[in-house]
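Take a look at the structure set out below.
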Amino acid sequence: MSKSDCELITELKAVLISQQYSPVVVGNYCAYASGFLDHLARRTILVTDVTEAQVERYLRDTVVLFRQRRGRRPGPRWLQIPCAGIHVPLRLLQGQWPPAP
């Protein structure tokens, strides 16, 4: 993860703490945001250039990874956690997420 990505995670953590999110939620959101930023870095995609389709593709991949690791599908609401962990930093950087049509 690049220095700017680390700074973004630090900012995300500070925002979530200031909004009185629980430490567990802060940890989960930061972990999923870090994973997404690493994913973007491997593909040389700038965070400011991320599209909804790229986020959806990444989320589908996380479900596949979940199934591979745990041998079962995640619960029906599980996807909300990584989704929120990705949307919050995108909102911080792009000002609005999802982008306006």
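The values are calculated or read from the model by the stated rules, or taken from the named source; none is laboratory data. Keep in mind that what you see is a predicted model, and the values were worked out from it rather than measured. Neighbour counts run over all protein chains shown; Cβ positions are idealised from the backbone, glycine included.
Among the residues of segment 1-60, those identified as aliphatic (A, V, I, L, M), under 17 Å from Leu93 (Cβ atoms), surrounded by 15 or more Cβ atoms within 10 Å (Cβ to Cβ) and modelled with pLDDT of 90 or more are Ile9, Leu12, Val15, Leu16, Ala33, Leu37, Leu40, Val50, Val55. Among helices (runs of 4 or more DSSP H) entirely within the chain, having at least 3 residues that are charged (D, E, K, R) singles out 3-18, 52-70. For segment 75-87, the set of residues classified as farther than 15 Å from Asp49 by Cα and either among the charged types (D, E, K, R) or surrounded by 14 or more Cβ atoms within 10 Å (Cβ to Cβ) (or both) consists of Arg77, Leu79, Ile81, Pro82, Cys83, Ala84, Gly85, listed by residue number.
Quick grid of which residues meet (1) touching a Gly at 6+ places or on another chain (Cβ under 6 Å); (2) within 19 Å of Ala14 (Cα to Cα); (3) surrounded by 15 or more Cβ atoms within 10 Å (Cβ to Cβ); (4) among the β-branched types (Val, Ile, Thr):
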{"site": "Arg67", "(1), (2), (3), (4)": "no, no, no, no"}
{"site": "Arg73", "(1), (2), (3), (4)": "no, no, no, no"}
{"site": "Pro89", "(1), (2), (3), (4)": "no, yes, yes, no"}
{"site": "Gly95", "(1), (2), (3), (4)": "no, yes, no, no"}
{"site": "Pro98", "(1), (2), (3), (4)": "no, no, no, no"}
